[in-house]
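To start, the structure itself, in structure tokens.
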Amino acid sequence: MSIHAALVKTEGQKISLENAKKFIYSGDHGAESIFIGRVRNENSGKKVTAVTYDAHDQAVIKSFQLICNEAKNKFDNNAKIFLEHATGYAPVGEISILIAVGSGHRDEVFKICRYILEEVKHRSPIWKKEHYADGKEEWLPGHSLRPKKEIK
Amino acid sequence: MEIKIKLHGSSKMLSESETLLIKLPENSNIGQLRNSLKKLINEKYSKNNLSNLSNSAAFFSEKNEIINDNYKLKNKELISIIPPIGGG
């Protein structure tokens, strides 16, 4: 198995860097790259205390598998990829996404990591609601999946 | 006919429940569902910053595939509304 893709519910679970490192390790690999996205304490001048992540679970897992396979086909079929994203309430500092890649060489691991991150942001049905220090909250705008020719 | 919409992201502001029931004329399609949603938002949720939701959202079938505006809905069908996404 060379791809691990999952959603991690923040109630009771955490995304594990150690699990990611173990998963991608291989004696065949000369390079590893790990990207960690975390909940930030500020956005557009507003003080953020937490983010709630919502997801269409089945469609997200399907998109993760597809994106990771595309990345392997595009850059290195022998790469090992670990991809997890949080769902639920995540306070500032919590890991929201972790992408770990092991491959033969550095160029491939950087490219695979970047490819997966950008594709997840544009294709995986995940939403963010920010919670602010003043008690307000807001769903963030995003990228529409509606077929472009239909949007008015 | 009656359609059940599974709510995600900002569309969760449309109901306390996980789903929203919408009544439509027989043989309606996704385009007509968009119009009903637009009307509902204008009438009841105009202060919730959802004015563009009916235009920008995609819809998924139960097979988790995007369905276009010509897709004919079936009575009691469960579909998902997919507002603009942005994880990571």
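Taking a ≥ b ≥ c as the square roots of the Cα gyration tensor eigenvalues, with a/c under 1.5 meaning rounded and otherwise prolate when a/b beats b/c, else oblate, which class fits the stretch B:13-54?
Because a/c hits 1.5 or more and a/b fails to exceed b/c, the stretch B:13-54 counts as oblate.
Find, among the trypsin sites (Lys or Arg not before Pro) in chain B, those assigned to loop by DSSP (not H, G, I, E, B) with at most 16 other beta-carbon atoms within 10 angstrom.
Those satisfying the criteria are B:LYS47, B:LYS63, B:LYS74, B:LYS76.
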Check each of the trypsin sites (Lys or Arg not before Pro) in the stretch A:1-46 and keep only those in coil by DSSP with at most 16 other C-beta atoms within 10 angstrom; list them in order. A:LYS14, A:ARG40
Mind listing the long-range amide H neighbours of B:ALA58? Cut-off is under 5 Å, sequence gap 5 or more, other chains count too, H placed in the peptide plane at 1.01 Å from N. A:LEU145, A:ARG146, B:ILE82
Rounded to whole Å, give me the distance from the Cα center of the stretch A:137-152 to that of the stretch B:59-88. 13
So for the pair A:GLU138, A:ASN69, with labels modelled 7 Å out along Cα→Cβ, what separation do we get in nm? 3.9
With all pairs of different alpha carbon atoms counted, what Kirkwood hydrodynamic radius in Å does the protein assembly as shown show? 19.1
Treat each spin label as a single point 7 Å out from the Cα along the C-beta direction, and report the A:ASN43 to A:GLN58 distance in nm. 2.8
Starting from the stretch A:1-77, pick out the GluC sites (Glu not before Pro) whose DSSP state is loop and whose Cβ has at most 14 other Cβ atoms within 10 Å. A:GLU11
Within the stretch A:45-73, whose backbone N sits under 15 Å from a point 7 Å along Cα→Cβ of A:TYR89? A:49-54
For the pair A:SER2/A:LYS148, report the inter-label distance in nm, with labels modelled 7 Å from Cα in the Cβ direction. 3.1
So for the stretch B:2-82: antiparallel DSSP bridges make up what percent, rounded to the nearest 5? 80
Using the Karplus curve 6.51 cos²θ - 1.76 cosθ + 1.60 with θ = phi - 60°, work out ³J(HN,Hα) for each residue of the stretch B:44-55 in order, rounded to whole Hz, and write x for Gly and Pro. 10, 10, 5, 8, 9, 6, 10, 4, 9, 4, 5, 8
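We did not get these values from a lab; they are worked out from the coordinates using the rules stated. Small disclaimer: the values here were computed from a predicted structure and weren't measured. Methodologically, a virtual Cβ is constructed for each residue, glycine included, from the backbone with ideal geometry; neighbour enumeration extends over all protein chains shown.
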